[in-house]
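Down below is the structure, laid out as structure tokens.
The values are calculated or read from the model by the stated rules, or taken from the named source; none is laboratory data. Quick caveat, the model's predicted, so the values are computed rather than measured. When we count neighbours, we look across all protein chains shown, and the Cβ atoms used for this are built from the backbone with ideal geometry, even at glycine. What goes into the accessible areas is simple: the full protein's heavy atoms, side chains included, and nothing from ligands, DNA or RNA. Shrake-Rupley method; radii C 1.70, N 1.55, O 1.52, S 1.80 Å.
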Amino acid sequence: MKFLKKFLKRTLIIIGVLVLIMYVFDYGYILRGVRVVYFTGHNTAFIDDFPYFENDIIEKGDKTDVWSNHKDYNSVEATGILKRANENWGTVAFVIIKNDSIWFEEYYDGFDENSKTNSFSMAKSYVSGLLGKAIMDGHIKSLDQPISDFYPEYSYAKTTVGDLASMASGLDWVEHYTSPFSVTARANYDDDLAETILNQKVIKTPSVEFEYLSGSTQLLGMIIEKATDRTLSNYLSESFWKPLGSSDNALWQLDDEDNRLAKAFCCIGSSAKDFARFGKLYKDHGKWNGQQILDSAFVAKSVVPRFPQSPEYGYGWWLKEHLGKDFFMMQGHLGQYVMVEPNDNIIIVRLGHSKGPGNPLETYTDDISIYIEEAYEMLNK
């Protein structure tokens, strides 16, 4: 018994010292990450983690544009391959929109059409859109405006706001989703996100090549807030959420209750059919109900590659050729997708707990091809 007491005492002392060291060396965010992720039975960030963070509300408007049901609504069952993929990889929403009408929709695991799930990096498409809106509104001059106009700390760098949106910033950032010591983990769980981002230096020549860095979008979000003198949630609400007739308020995760800075690189909470509205806006060249919400030239530039050697990315949107078709898409951690084929007037939305096997940092995991192939198999019946 004495041995057990001594062992427990020593263990508690060691744990206390480790915790103290973490806070002294500014790694306290790891404890928050452990509490949010592992103490809730997960091994990574998860799609319904909003109660564990502070959030801003993205307000909807007074009028909702209700999606109409297609004349063939839910007339075709999911293919066997799609059923297995949805079951094995934890899909919570799968929606196919044809000619701006709901052609197919199913929800799983207790989720429904109104359930909010985490967009993760699909938020990057919204932030890029907000850049286009800020240029359209005259708050930002152009894609070529230097970031040093907003943050003099970067006076030594030639990085522009367009470089941030197209992932060509040159920032010193390592995109890593599993290491608790990575800057990506710090950004997600730390209590002062601005400090984390502004500590990242530009170490490579910008405007040269594509390199996917969440820090680029976070810095862009901070610049948009400075330029517009609005929070990102407020600017998103007024620019897109209300004009697009969203059905419900959305959430945007913040770093903490004191700083209240939105995680621009991720973490908008909404439903499948409200997420789909942004895909439709870009499909329709920035127009909604005949009104030019976003400049069509900006939209066109966003959904083609900026760099010929990197055909997978434009400005905030992923690009993929599959089945002889050209998709642009919003893409997020664990397999959150809004996939748009404008020539066919098709939008495919998938939200869920996992993207299945494969390296999560791969540009395109196999699940994307399966969702596209099986959706078209259903459409062709």
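In the range 235-248, which residue that is in contact (Cβ under 8 Å) with a residue 24 or more places away in the chain and either among the hydroxyl-bearing types (Ser, Thr, Tyr) or farther than 12 Å from Trp288 by Cβ (or both) is surrounded by the most Cβ atoms within 10 Å (Cβ to Cβ)? Per the criteria, the residue is Leu236. Evaluated against (1) more than 15 Å from Lys124 (Cβ to Cβ); (2) surrounded by fewer than 22 Cβ atoms within 10 Å (Cβ to Cβ), Gly335 falls short on exactly one condition, (2).
Restricting the range 143-187 to residues that are modelled with pLDDT under 95 and of a type in the set (Phe, Trp, Tyr), the residue that is farthest from Glu312 (Cα to Cα) is Phe181. Of the helices (runs of 4 or more DSSP H) contained entirely in the range 264-381, those carrying at least 2 residues that are under 16 Å from the mean Cα position of the chain (by Cα) and closer than 22 Å to Ser128 by Cα fall at 272-283. Checking each residue in the range 30-87 for being acidic (Asp, Glu) and either under 19 Å from Ser119 (Cβ atoms) or assigned to a helix (DSSP H, G or I) (or both) picks out Asp48, Asp49, Glu54, Asp56, Glu59, Glu87.
All conditions but one from (1) of a type outside the set (S, T, N, Q); (2) under 26 Å from Leu319 (Cβ atoms); (3) without any contact (Cβ under 8 Å) to a residue 60 or more places away in the chain; (4) outside any helix (DSSP H, G or I) apply to Arg230; the one that does not is (2).
The set of residues in the range 342-373 being under 22 Å from Arg277 (Cα atoms) and surrounded by 21 or more Cβ atoms within 10 Å (Cβ to Cβ) consists of Ile346, Ile347, Ile348, Val349, Arg350, Leu351, Gly352, Ile368, Tyr371, Ile372. Residues that are outside any loop (DSSP other than H, G, I, E, B), open to solvent by less than 10 Å² (accessible area, probe 1.4 Å), farther than 21 Å from Glu238 by Cα and of a type in the set (Gly, Ala, Ser) within the range 126-173 comprise just one, Gly162.
Just one of (1) at negative phi; (2) in contact (Cβ under 8 Å) with a residue 12 or more places away in the chain fails for Cys267. It is (1). When the criteria are applied in full, Tyr38 meets the requirement of being more than 30 Å from Glu238 (Cβ to Cβ), modelled with pLDDT of 65 or more, open to solvent by 50 Å² or more (accessible area, probe 1.4 Å) and of a type in the set (Ser, Thr, Tyr).
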